[in-house]
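Following: one structure in structure tokens, then a few remarks.
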Amino acid sequence: MKNDPASIAYSLQEAHAVIASEFKVVEDHEQVSLDQALGRINAVTLFADQPEPSYSQSTRDGFALAGQPYSLSSPHTSFAEFQISGEKAAGCTEEQELQPGQAYRIMTGAMLPRHTARVVPFEMCLERGSSLSVPQEVLREDQLYIRFQGQNIEQGQRLITAGTRLCPDHLLLLAENGSQQVRVCRRPRVAVICTGNELIKSGEQLLCGQKVSSNEVLLASLLQEQGCCLVRSIRVKDHVKSIVEEIQKILVQDKPDLLISTGGTGSGKFDLIEQAVVCLQGNPLYNLLKIRPGKSTLFARIDGTPLFALPGPPPAVRLLFYELVVSGLDCLQGRAKAKFASSQLEDAVLTEPVRLRRTGYLALKAARASLCNGKLQVRPARSLEPINAIMHLACTADKKNMRKEIAKGQQVKVRLLSSLRCLA
């Protein structure tokens, strides 16, 4: 990293590299029950204690048949004959053994008798008393209607790697493996500081010149979505001493893993976050990025605690949270650091044109992505519309022509958010 961050504009990729180098994995782990584990980060790689299925079983209601030899009803018939010798219901734990020429009536999910060669569904054969006739052509089919022991998961097979966010399918795997609890990473402790003389709490009387501190609610929900513990969320006036005192109080009392501030990151008279960092003898790691919004974003370390100082406008906070803060949170929880590399962006086709300012900076645009005929499509998000993607739009600087339009049908890079990552 360069020695003078005040004079350097970092690219988004360079910022991710700095973030990855400054975060250490939270070492504290805890055991939680499976019904409390959804969304938590798995702390250790888990392996199968038993095969799945744990026994060979029938996949249809029908008859379990022994292998050859079996008798034919007559030299010229196309039917093989079996003697029905028993029955196996699902849940029966008693082990039986088929002899040549025998068949067992069996239900879906039931354990197969030993020496079962195949299962034939009821509708494919003819039952007469204790005798069973099966067409020979059925016996020559590849379909056995058997799920063999360990067919899905072998004993000792890796189930879930460390650093994985647990979803319902993971919990299903663990339950079928006989697990009742899982070891997960402690939730990252995060404190939020919203700066601004104009900010008031939602619900208070709004006077001219004042704004509701909506970033408090926005960040609380975004942090909850990422499985974090919000230890404190406060509003602070635009005064360096007040900001310094509040940060000192948070560091001592709450001991957060991460600080996030909003507002006060520009070069104006009341943009005081970097001054507060200096007063606290903190280490600014960068304070300028080649992106819009977020040009004046600051990343620093204060007494060992990372700080993301984001701009004030909520739309910018939302975009930069996903582009920067989530990267740090993933590192804290031991998730893959390469996840936010540019190679992880998806290609999508624009369904509406987008106009940009020719600044030479990477433009981040809130977007809506969808799949159409197997292809990823994207368009700018409209006012009041929830977003599920962020468009990354490069635009070279050109003072003569300050505007550029990216036409409908062009391919652009997008980052899919949350569950939408499974679309691409």
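The values are calculated or read from the model by the stated rules, or taken from the named source; none is laboratory data. Just so it is clear, the structure is predicted and the values come from calculations on it, not from any experiment. As a convention, Cβ positions derive from the backbone with ideal geometry for all residues, glycine included, and neighbour counts pool all protein chains shown. Only protein heavy atoms, including side chains, enter the accessible area calculation; ligands, DNA and RNA are left aside. Shrake-Rupley method; radii C 1.70, N 1.55, O 1.52, S 1.80 Å.
Details
- Among the residues of the range 202-218, those identified as charged (D, E, K, R) and farther than 22 Å from ASP254 by Cα are GLU204, LYS211.
- Looking across the range 163-189, the residues that are touching a Lys or Arg at 6+ places or on another chain (Cβ under 9 Å) and either within 30 Å of VAL240 (Cβ to Cβ) or not in a strand (DSSP E or B) (or both) come down to GLY163, THR164, LEU166, ARG187, ARG189.
Rundown of residues vs (1) touching a residue at least 40 places away in the same chain (Cβ under 8 Å); (2) surrounded by 12 or more Cβ atoms within 10 Å (Cβ to Cβ), yes/no style:
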{"residue": "VAL120", "(1), (2)": "yes, yes"}
{"residue": "ARG128", "(1), (2)": "no, no"}
{"residue": "SER131", "(1), (2)": "yes, yes"}
{"residue": "ARG140", "(1), (2)": "no, no"}
{"residue": "GLN143", "(1), (2)": "no, yes"}
{"residue": "GLN155", "(1), (2)": "yes, yes"}
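Residue by residue, here is whether (1) surrounded by fewer than 22 Cβ atoms within 10 Å (Cβ to Cβ); (2) within 20 Å of ALA9 (Cα to Cα) holds:
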residue: LEU280; (1), (2): yes, no
residue: ARG292; (1), (2): yes, yes
residue: THR297; (1), (2): no, yes
residue: LEU345; (1), (2): yes, no
residue: LEU350; (1), (2): yes, no
residue: ARG358; (1), (2): yes, yes
residue: LEU362; (1), (2): yes, yes
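- Flag for VAL212 being of a type in the set (A, V, I, L, M) and over 30 Å from PHE47 (Cα atoms): yes
This table checks each residue for (1) touching a Phe, Trp or Tyr at 6+ places or on another chain (Cβ under 8 Å); (2) surrounded by fewer than 18 Cβ atoms within 10 Å (Cβ to Cβ); (3) of a type in the set (A, V, I, L, M, F, W, C); (4) more than 23 Å from VAL412 (Cα to Cα).
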| site | (1), (2), (3), (4) |
| --- | --- |
| GLY312 | no, no, no, yes |
| PRO315 | no, yes, no, no |
| ARG318 | no, no, no, no |
| GLY328 | yes, no, no, yes |
| GLY334 | no, no, no, yes |
| PRO353 | no, yes, no, no |
| ALA367 | no, no, yes, no |
| LEU371 | no, yes, yes, no |
| GLY374 | no, yes, no, no |
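- Any chance ASP257 is among the acidic types (Asp, Glu), under 30 Å from LEU166 (Cα atoms) and open to solvent by 20 Å² or more (accessible area, probe 1.4 Å): yes
- Test: residue in the range 78-88 that is out of contact with any strand residue (DSSP E or B) (no Cβ under 6 Å at 6 or more places or on another chain), at pLDDT 90 or above and at negative phi: no
- If you filter the range 228-244 down to residues that are out of contact with any Pro (no Cβ under 8 Å at 6 or more places or on another chain) and not in a helix (DSSP H, G or I), you find that the one that is most open to solvent (accessible area, probe 1.4 Å) is LYS237.
- Considered as a group, the residues in the range 76-112 that are among the aliphatic types (A, V, I, L, M) and free of Cβ contacts under 8 Å to residues at least 40 places away in the same chain include one that is surrounded by the most Cβ atoms within 10 Å (Cβ to Cβ), and that residue is LEU98.
A quick yes/no check of all residues on (1) modelled with pLDDT under 95; (2) of a type in the set (Val, Ile, Thr):
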residue	(1), (2)
GLY203	yes, no
CYS208	yes, no
ASP238	yes, no
GLU245	no, no
LYS249	no, no
LEU259	no, no
THR262	no, yes
GLY266	yes, no
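- Looking only at the range 22-62, and only at residues there that are over 30 Å from SER327 (Cβ atoms), in contact with a Pro (Cβ under 8 Å, 6 or more places away or on another chain) and not acidic (Asp, Glu), the one that is surrounded by the most Cβ atoms within 10 Å (Cβ to Cβ): GLY62
- Applying the condition of being in contact (Cβ under 8 Å) with a residue 24 or more places away in the chain and in a strand (DSSP E or B) to the range 269-299 and asking which residue is nearest to LYS237 (Cα to Cα) yields LEU298.
- Only listed residue being of a type in the set (D, E, K, R) and modelled with pLDDT under 95, chosen from ASP61, ASP4: ASP4
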